[in-house]
Structure formats: structure tokens, C-alpha cells
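Dropping the structure in here first, questions after.
The values are calculated or read from the model by the stated rules, or taken from the named source; none is laboratory data. Please read these numbers as outputs of a predicted model, since none were measured by experiment. Here the Cβ positions follow ideal geometry from the backbone for every residue, glycine too, while neighbour counts run over all protein chains shown.
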Amino acid sequence: MSNERFAVIGAGHFGSSIAIALSQNGAEVLVIDSDISVIQDISEDVAYAVCVDATNKKALIAENIQDFDVVVVAIGNDFVKRLLCTANLMDLGVKRIICRTMGTNQRLILEKMGVTEFLAPEDEIGKLFAERLLNPTVVSYLQLPDGYRIAEIVISPKLIGMTVGDLNLRDAYRLSLITIRRNFTEGNDPTQNNATGHILGVPDTSTTIESNDCFVIFGLARDIENFIKRNQ
């Protein structure tokens with residue numbers, strides 16, 4: 001873990017999740033929110049939690065916000081507060097600002113201010129949900145540049161009992177198998193939220209595919225879709 005110090009401004013569900021995840025991975029995290037009850041709820045999960053108004057520059061200076069390596073502005077629905085907070089951080093010379101954005105208009109305004117890094121959880125969730133509706137086989141995916149993806153997909157029943165080598169993913173589909181998640185759920189449905197299991201590491205060609213497996217694969221989105229369609 002690096003020695004970077006993180007501040008998260010806005011401790012709603014999204015901001016709290018970021019702060020707690022960072023803290024659980026050993027990072028030093030400051031959480032700022034104007035709601036004292038929210039601060040009380042998260043105070044035991046992070047190094048520092050303070051109740052201040054992040055639109056007040058003097059309040060941010062008092063917390064030495066300019067000394068933090070990364071500041072995440074996770075303020076939710078109040079875009080004006082998010083703008084004022086971000087402007088304060090930029091005036092104070094914060095090294096790295098990552099700002100939550102909701103929609104293209106908000107992003108455009110923040111870009112005009114000079115912000116270059118964004119978080120858009122609603123957009124990402126919407127895209128993933130649409131993907132799941134169109135193709136229930138896809139559990140999750142990470143969109144990469146140039147049309148590439150890392151996708152987790154539920155394997156087709158027709159592949160059960162085959163080996164990784166039998167599939168010939170690289171030559172037949174232009175895909176790379178990163179790993180296999182082998183789930184253990186009631187009814188063996190790996191799409192269920194209560195799924196638990198193990199990552200099998202880097203599978204070799206002799207690894208046998210089981211009914212509760214999910215593939216984590218890398219390749220072009222169209223090649224992943226082709227693999228799914230050909231093996232339904």
C-alpha cells in the first residue's frame with residue numbers, strides 16, 4: 001500500500017463506500033461531511049472524520065486539506081455545493097482532485113473548471129444494468145479503451161466437463177482467459193448475490209470447467225459477445 005493520504009468529501013452511501021474501502025486497505029483517510037450524524041456513523045471506520053462545510057475555504061484550510069495527496073469530491077445531489085467545494089480545492093492547490101459527476105452537462109462544467117478525473121457511479125450502474133438486461137450471462141465488466149473489455153461471464157451448460165484447452169479461446173475467439181471464479185451457491189446459480197467461492201488463479205489448459213464457474217476474460221467486446229452467442 002502506498003503512503004498516499006486520501007480525503008473524501010461527502011459521506012453519503014457512495015462516499016462512505018469509497019472511504020471505508022480505502023481505509024480497509026490500509027490507507028489514511030479523512031472524511032468530511034456537513035451532517036454530524038453521518039460523521040458519527042463513519043468515525044470508527046476511518047482515521048479521521050470531521051463535520052465541516054466543505055464550501056467554506058477556511059474550514060478546509062483548518063483541516064489541512066491541501067496536504068492530502070488525493071481528494072475525492074463525492075457530494076451527491078447538490079451540484080452547486082460540489083462546484084464550490086471543487087473550486088476551493090483548486091484554489092488551495094490540491095494535488096489531485098477526483099470529482100463525482102452526474103450527467104454530461106455537469107462533467108462539461110467541471111472540465112471547463114480544469115477538473116480531469118471523474119466518478120460517475122449512476123452512469124456506470126446504468127450501463128451495467130442495461131448490459132445485464134440485454135445479456136444476463138454477463139455478471140460484470142470493465143470497459144477499456146479501443147473497444148476492449150474485461151468481463152465476468154457465466155459459462156454455458158454446454159461447456160461443462162470440457163477443459164480450458166478444449167475451448168482454444170485465444171485462436172478460436174481472440175480472447176484471453178484471466179481466471180475462473182468457482183462459486184458455491186444454493187442452487188448453483190453464480191449470478192446470485194449470495195455467491196461465494198474461490199478464484200482459481202491462472203487456469204492451465206487441463207482445468208476442467210464446472211457448472212458453477214464464471215470466466216473472467218479479456219478481449220474486444222464484439223469477440224466476447226461472439227463467444228457468448230456461439231456457446232449458448
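Just one of (1) crowded, with 20+ Cβ neighbours inside 10 Å; (2) without any contact (Cβ under 8 Å) to a residue 12 or more places away in the chain trips up Ala62, so point out which.
It is condition (1) that Ala62 fails.
Still on this structure: Taking the range 20-41, which residues are of a type in the set (A, V, I, L, M, F, W, C) and either closer than 25 Å to Lys57 by Cα or buried (at least 17 other Cβ atoms within 10 Å of the Cβ) (or both)? Before you say what the answer is, go through the steps one by one.
Filtering the range 20-41 for residues of a type in the set (A, V, I, L, M, F, W, C) gives 20-22, 27, 29-32, 36, 38-39.
Residues satisfying the conditions are Ile20, Leu22, Ala27, Val29, Leu30, Val31, Ile32, Ile36, Val38, Ile39.
Next up: Give me a count of the residues in the range 156-175 that are under 14 Å from Gln232 (Cβ atoms) and outside any helix (DSSP H, G or I).
Residues that pass the stated criteria total 2.
Looking at Ala49, Ala21, which is the one that is at pLDDT 95 or above and of a type in the set (A, V, I, L, M, F, W, C)?
Result: Ala49 is the single residue among Ala49, Ala21 that is at pLDDT 95 or above and of a type in the set (A, V, I, L, M, F, W, C).
Taking the range 71-84 as the region of interest, how many residues are out of contact with any helix residue (DSSP H, G or I) (no Cβ under 8 Å at 6 or more places or on another chain) and among the hydrophobic types (A, V, I, L, M, F, W, C)?
Result for the range 71-84: 2.
Another question about this same structure. Go through the range 112-137 and give me each residue that's touching a residue at least 24 places away in the same chain (Cβ under 8 Å) and closer than 27 Å to Ile228 by Cα.
Passing the criteria: Pro121, Asn135, Pro136, Thr137.
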